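The values are calculated or read from the model by the stated rules, or taken from the named source; none is laboratory data. Not measured: the values here are computed from a predicted model. Note that we place each Cβ from the backbone using ideal geometry, even for glycine, and neighbour counts take in every protein chain shown. These area figures cover heavy atoms from the full protein model, side chains too; ligands, DNA and RNA do not enter into them. Shrake-Rupley method; radii C 1.70, N 1.55, O 1.52, S 1.80 Å.
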Amino acid sequence: MKAVRLYGKEKIQLDDVEKPLINENELLLKVKAASLCGTDVRMYKNGYSGVDENSPLTLGHEVSGVIAEAGSNVTSYKVGQRISVAPNIGCGNCDQCVSGNTHLCANYQAFGINLPGGIAEYLKIPGEAIQQGNITLLADETSFEQAALIEPFSCVFNGQAIAAVYPGDTVLIIGGGPIGIMHAMLAFSQGASQVILNDRHEERLAAATKILPKLTVLTSEDLANKISEGTQGQGVNLCIVAAPSPEAQTESMHYMATNGRLLFFGGLPKDRENVPLNTNILHYKQLRIFGCTRASISSYRTSEKLIASGQVPIERLITNRYPIEEFKQALENAEKSVGLKNMIVFI
């Protein structure tokens, strides 16, 4: 079978490898769609621990497909079912795992991170993932391409579940990439009265308004005053920083309404992770600041239901589709932020 494998920093190639063999407790997925994301790009640009010429890694953790083979001990699933797979597998024994937060397990494994991923014709799903509930059956209304986007959307869902969107809220999202637009989609679906999207690049904002015409879009110049004018001096109820920018986190404090909420979504570069914050604003406006990472299996399954319902038009984010033979073009687009989501599709 064909698989896209990473061999180290900026060393990646399409290989012909043996189709995985499964045991009695495992499943084999015939991949139908695999989406590229920022994590794949970072692993390619920077390399990844344990991945080298002697230990290549198949990338891809945003995956959907059809069950091609099922082990004899697998009774919950059968050949031919359409599924997607949550990528993070916990140890099953720690406090986080037994509380349902397997994505927060200190010893978690993940497809495309430290297990073979899904930018390949087939993906082996181990018994631990099956027992943990990582498999989600797809509704008839959910396409394979939509299903490949459940994983990033579930991270968005996880973040908003933590910080909360209330009916009538004004929500500001900093960062106009795919994740920022997903946040806007979800905020609207949860009853936000106004969703403001901010980005430095006007072309990104223009693309976003084509996808979500109800958006209010603002460039970064003099953003605090723009926010004040657009909210009658009140500020926003929820600000989501969906850009890897220390400056955006620092400045976000100045956009807030009293009793507002801040969500720092995603990480920062290691050399810029210490961020100054005006804690007097935090104190006198009674703000709350939240962080989030990855997503639980419960969030993943709920995300599939939202997508199937049509409330979240996530398929509008897919701007380019490629066969696996053209993965280098897809990776280049993702690296240069050409389009929004670049998808590898299989017939």
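Tell me, please, whether a residue that is under 20 Å from L340 (Cβ atoms) and open to solvent by 50 Å² or more (accessible area, probe 1.4 Å) can be found in the range 5-28. Working first, answer last.
Going through the range 5-28, the residues under 20 Å from L340 (Cβ atoms) turn out to be none.
Within the range 5-28, not a single residue is under 20 Å from L340 (Cβ atoms) and open to solvent by 50 Å² or more (accessible area, probe 1.4 Å).
Would you mind stating whether F188 is buried (at least 23 other Cβ atoms within 10 Å of the Cβ) and either farther than 16 Å from G260 by Cβ or of a type in the set (A, V, I, L, M) (or both)?
So F188 fails the test.
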For the range 148-178, give me each residue that is touching a Pro at 6+ places or on another chain (Cβ under 9 Å) and surrounded by 24 or more Cβ atoms within 10 Å (Cβ to Cβ). L149, E151, P178
When (1) aliphatic (A, V, I, L, M); (2) part of a loop (DSSP other than H, G, I, E, B); (3) open to solvent by 50 Å² or more (accessible area, probe 1.4 Å) are applied to A139, the one that fails is (3)
Checking V312 against (1) out of contact with any Cys (no Cβ under 7 Å at 6 or more places or on another chain); (2) part of a loop (DSSP other than H, G, I, E, B); (3) under 21 Å from N158 (Cβ atoms); (4) open to solvent by 50 Å² or more (accessible area, probe 1.4 Å), the condition it does not meet: (4)
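To keep it simple, each residue is scored yes or no on (1) assigned to a helix (DSSP H, G or I); (2) of a type in the set (G, A, S); (3) surrounded by 15 or more Cβ atoms within 10 Å (Cβ to Cβ).
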{"position": "Q234", "(1), (2), (3)": "no, no, no"}
{"position": "P244", "(1), (2), (3)": "no, no, yes"}
{"position": "T258", "(1), (2), (3)": "no, no, no"}
{"position": "N280", "(1), (2), (3)": "yes, no, no"}
{"position": "I289", "(1), (2), (3)": "no, no, yes"}
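Residue-by-condition table, conditions (1) among the small types (G, A, S); (2) closer than 27 Å to E141 by Cα; (3) not in a strand (DSSP E or B):
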residue: K305; (1), (2), (3): no, yes, yes
residue: A308; (1), (2), (3): yes, yes, yes
residue: E326; (1), (2), (3): no, no, yes
residue: Q329; (1), (2), (3): no, no, yes
residue: N333; (1), (2), (3): no, no, yes
residue: V338; (1), (2), (3): no, no, yes
Looking only at the range 202-213, decide whether some residue is open to solvent by 50 Å² or more (accessible area, probe 1.4 Å), assigned to a strand (DSSP E or B) and at pLDDT 95 or above. no
